[in-house]
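Colleague: If you scroll down you'll find the structure; I have some questions about it.
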Amino acid sequence: IDFDLILEKVKVLNALVGEGGCCVEHTARGAQLRQPEPLPLTLYRNGIVVFDRPFWSYEEPSTQQCLQDIMDGYFPSELQRHFPYGV
């Protein structure tokens, strides 16, 4: 697994969503600016942890799909189930 390449691809995806920027959040009284919550991704020698999900071994098909999505320049499809309105 090429960790440097994965980290580079994650940086590109972060730039797409405006890392460090603010977004408008609609409230009952109008709107306010807020910074999006980061979604932690921790890479280990033998697997990954994505946000608050359990440890995923690199041998699991879902982990391989997640990393393949990142390598292909896409947000992992696993996130769509948890964040159907975007991350």
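The values are calculated or read from the model by the stated rules, or taken from the named source; none is laboratory data. Please read all numbers here as calculations on a predicted model, not as lab measurements. Methodologically, a virtual Cβ is constructed for each residue, glycine included, from the backbone with ideal geometry; neighbour enumeration extends over all protein chains shown.
Colleague: Would you check if Thr27 is at pLDDT 85 or above, of a type outside the set (A, V, I, L, M) and surrounded by 13 or more Cβ atoms within 10 Å (Cβ to Cβ)? So that I can check it myself, show each step before the final result.
Modeller: Numbers: at pLDDT 85 or above: yes; of a type outside the set (A, V, I, L, M): yes; surrounded by 13 or more Cβ atoms within 10 Å (Cβ to Cβ): no.
Taking the combined requirement at face value, the residue does not satisfy it.
Colleague: So, one more: Evaluate the following for Pro76: is it surrounded by 12 or more Cβ atoms within 10 Å (Cβ to Cβ), within 11 Å of the chain's Cα centre (by Cα) and part of a loop (DSSP other than H, G, I, E, B)? Full working, then the answer.
Modeller: On the way: surrounded by 12 or more Cβ atoms within 10 Å (Cβ to Cβ): yes; within 11 Å of the chain's Cα centre (by Cα): yes; part of a loop (DSSP other than H, G, I, E, B): yes.
Yes, satisfied.
Colleague: Out of the residues in segment 31-52 that are over 15 Å from the mean Cα position of the chain (by Cα) and either surrounded by 13 or more Cβ atoms within 10 Å (Cβ to Cβ) or part of a loop (DSSP other than H, G, I, E, B) (or both), which is modelled with the lowest pLDDT?
Modeller: Looking at the filtered set, the residue picked out is Gln35.
Colleague: So which residues in segment 53-87 are under 20 Å from Leu16 (Cα atoms), aromatic (Phe, Trp, Tyr) and at pLDDT 80 or above?
Modeller: Of everything in segment 53-87, those that are under 20 Å from Leu16 (Cα atoms), aromatic (Phe, Trp, Tyr) and at pLDDT 80 or above turn out to be Tyr74, Phe75.
Colleague: Further question on the same structure: Looking at Ile48 and the list (1) more than 22 Å from Val12 (Cβ to Cβ); (2) of a type in the set (A, V, I, L, M); (3) in contact (Cβ under 8 Å) with a residue 12 or more places away in the chain, which single condition is not satisfied?
Modeller: (1)
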